[in-house]
Amino acid sequence: MSLPPIIETERLVLRPPRMDDAEAVFTSYATDEEVTRYLQWRPHTSIAETVEFLRRTVAFPEGGSESTWAITLRGDERLRGMIALRSHGHKADAGYVLARPLWGNGYTTEALRAVLDYAFKNPRMYRVWAVCDVDNVASARVLEKAGMSFEGILRRYQIHPNIGPEPRDARCYARVR
């Protein structure tokens, strides 16, 4: 898979992440306990962790099946979050994160809609799904507003280390062709 294209929406530019995004990732969301609450990784404690994360993310498209975009505001190159699409043949899963000061403005929904539209330009793509913790009401709402349909609860599906060590239930949403 090659680098993902730049995707522009009314208010956003989704672009490939770069190594020089490390400080923005670290300060905007990677250290924020509220942002990382329902994620599968703990908040970063050093910029070195963020640099390593970006090294893997920036290098991954070369031989992998994941497309990751930096979420930026139109007219401002500073990374504000990230969104990814991980391909699995005829289907893919999506995930996202956004800096807390931008929550509640519809940016994540706008980014997700654009990535879904991009995914379905591939005639062999039939399904894109995403999951969120059953208690993550805001993320569930993003998925719904982006046009994904609720499919059910996946019992004991994901471990969120910022909540506890046991697997938690997740809500599953999908958009299908």
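Values quoted throughout were computed directly from the atomic coordinates according to the rules given, and no laboratory measurement underlies them. Worth saying up front: this structure is predicted, and the values here are computed from it rather than measured. Every residue, glycine among them, receives a Cβ derived from its backbone with ideal geometry; neighbour counts consider all protein chains shown.
Taking each DSSP H run with n ≥ 4 as -39500 (n - 2.57) and averaging over every residue of the chain yields -6500 deg cm²/dmol at 222 nm. Computed from phi, the 3J(HN,Hα) profile of region 19-34 under the Karplus parametrisation 6.51, -1.76, 1.60 (θ = phi - 60°) reads 4, 6, 7, 3, 5, 5, 4, 4, 7, 8, 8, 5, 9, 8, 5, 6 Hz, with x in place of Gly and Pro. Taking the Cα centre of the chain as reference, the dipole from Cβ charges on Lys and Arg (+1) and Asp and Glu (-1) amounts to some 660 debye. Here's the picture: charge each Lys and Arg Cβ at +1 and each Asp and Glu Cβ at -1 in the chain, and of 116, 81, 137 the one pushed furthest to the positive end of that dipole is 116.
The phi torsions of region 133-148, fed into the Karplus equation with coefficients 6.51, -1.76 and 1.60 and a -60° offset, translate into couplings of 4, 4, 8, 8, 4, 5, 5, 4, 5, 4, 4, 5, 5, 7, x, 8 Hz, rounded to whole numbers, with Gly and Pro shown as x. Phi angles across region 82-98 convert, under the Karplus curve 6.51 cos²θ - 1.76 cosθ + 1.60 with θ = phi - 60°, into 3J(HN,Hα) values of 9, 9, 10, 10, 10, 7, 9, x, 7, 9, 8, 10, 10, x, 7, 8, 9 Hz, Gly and Pro given as x. Picking from 13, 24, 44, whose Cα lies most toward the positive end of the charge dipole for region 7-126 (charges on Cβ: Lys, Arg +1; Asp, Glu -1)? Of the candidates, 13 comes out farthest on the positive side.
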